[in-house]
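So the structure is just underneath, and the comments pick up after that.
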Amino acid sequence: MADRTSSLGLYLTSVLGSRIFFGTPLKPSTMLGAVLGIGGVVLVFLPEISGGAGNGNPALGIAFALGGALTASLGNIVAYRNHGRGLPVVQMNTFGMLYGALFVAVWALVTRQPFLFDRSPRYLLSLAYLAVFGSIVAFGAFLALLGRIGADRAGYVTVAIPIVALLFSALFEGLRWHPSLALGILLCLGGNVAVLWRRGSS
């Protein structure tokens, strides 16, 4: 539930952040996309929400998710500003990951977390895949998209991520389809069309 909240929060804070820092107008198509995206994600995970799946403190989890969404949104806004100043995507991606790795390393040292590393081929292959395709390529492509269409519209990617994960789950994990899941995916796709729609040359 918290990761779904984070996805929605990141998109909404990106829209509001673009308005506050860059004066980007809140277009009707963007707001329609937000409404469709929120409704779609809620419908997709309605059984999980109504069933109260999961353990732990849900309020704390949602608070962390919203905090993560806020910081990620601020990162998107800074990246959009840097892209507008002509900074290359590769360098922005490299330094962003370097700063993130240093922060995690310092946090692990402060909290006395053990540094463990699995040398099995299966782990090394999965690590290489996540490093190259899940991080370098994915974030590089997202930063390029951010510079082309803006932080508000690019933020809708976070709404699409859970939908893509569900489709893969249906293909490889035997996910069972239900009406709210199908309707939610259709709403999210409709929201994506609304956000990216441009009339004429505008």
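Just so you know, all these numbers are worked out from the coordinates, no wet-lab data involved. No experiment lies behind these values; they were computed from the predicted model shown. Don't worry about glycine lacking a Cβ; one is built from the backbone with ideal geometry, like all the others, and counts go over all protein chains shown.
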Grab the Cα-Cα distance for D118 and E173, subtract it from 0.36 nm times how many residues apart they are, and report the gain in nm with one decimal. 17.3 nm
Rounded to whole Hz, the Karplus (6.51, -1.76, 1.60) HN-Hα couplings of region 100-106, x for glycine and proline: x, 5, 5, 4, 5, 5, 5
Residue by residue through region 79-87, the couplings from Karplus 6.51 cos²θ - 1.76 cosθ + 1.60 with θ = phi - 60°, in Hz, x for Gly and Pro, are 4, 5, 5, 5, 5, x, 8, x, 6
Please sort 177-189, 93-105 by packing, taking for each peptide the average over its residues of neighbouring beta carbons within 10 angstrom, highest first. 177-189, 93-105
